[in-house]
Amino acid sequence: MSSSPSEPSLEDIFIVNRTQLWRIARKIVRTADLADDVTQDAYLKIVDGPCERQAERPFSYCCQVVRNLALDYCRRHTVECAYRSFDVDVEGVEVPCVASPDRTLREHRVLAAIDKTLAGLPTRTRQAFELYRLEGLTQRDIAKRLGCSLGLVNGMIAEAAKAIGQCRHLLDSD
């Protein structure tokens with residue numbers, strides 16, 4: 001359906017019905033300020049869209065754009081609220097103290113022992129462990145990269161973890 005010069009554009013229909021579209025947004029997002037934001041975003045989406053939109057029912061199309069943006073805002077707001085934590089007093093958070101020189105020295109020794117242990121492993125075992133623990137690849141991806149079975153990758157990672165586990169006693173000593 002092509003629009004003729006006598007037919008109003010989506011922009012014209014939006015502007016004429018702005019108050020009604022704002023009310024639709026307001027019912028969904030519950031506040032006037034957010035309804036203003038949603039309505040403005042909807043207008044920009046309609047006006048600045050990638051192509052000239054043609055709708056059989058332009059007003060219904062405008063309503064649907066407003067409704068979808070309002071619902072998107074609500075979903076985004078719900079997710080953001082799930083990750084916020086307002087009960088933490090930032091001033092009261094204890095900052096971990098700087099490690100003592102003894103502890104720093106002990107940690108360096110442990111890292112050196114782990115490095116030495118990894119260097120003593122077969123090359124593919126070390127590679128599998130490093131790809132898994134340092135690069136975060138899945139065992140399936142490691143098997144593809146190294147050209148071996150998934151079970152072999154699992155075994156190599158377990159072997160490397162066991163070898164490194166023998167360095168744990170260095171951390172516990174005081």
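The values are calculated or read from the model by the stated rules, or taken from the named source; none is laboratory data. Quantities reported herein were computed from a predicted structural model and do not represent experimental measurements. Positions of Cβ are generated from backbone atoms using ideal geometry, with glycine treated the same way; all protein chains shown enter the neighbour counts.
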Of the residues Val29, Val47, Val16, which single one is crowded, with 18+ Cβ neighbours inside 10 Å and free of Cβ contacts under 8 Å to residues at least 60 places away in the same chain?
-> Val29
Provide a single number: the residues in region 78-113 that are part of a helix (DSSP H, G or I) and modelled with pLDDT under 65.
-> 3
Within region 131-159, can you find the residues that are modelled with pLDDT under 90 and within 30 Å of Arg106 (Cβ to Cβ)?
-> Tyr132, Arg133, Leu134, Glu135, Gly136
Within region 114-127, work out how many residues are closer than 16 Å to Gly165 by Cβ and either in a helix (DSSP H, G or I) or at pLDDT below 90 (or both).
-> 7
Could you tell me which residue of region 115-139 is nearest to Leu150 (Cα to Cα), considering only residues that are aliphatic (A, V, I, L, M) and surrounded by 12 or more Cβ atoms within 10 Å (Cβ to Cβ)?
-> Ala128
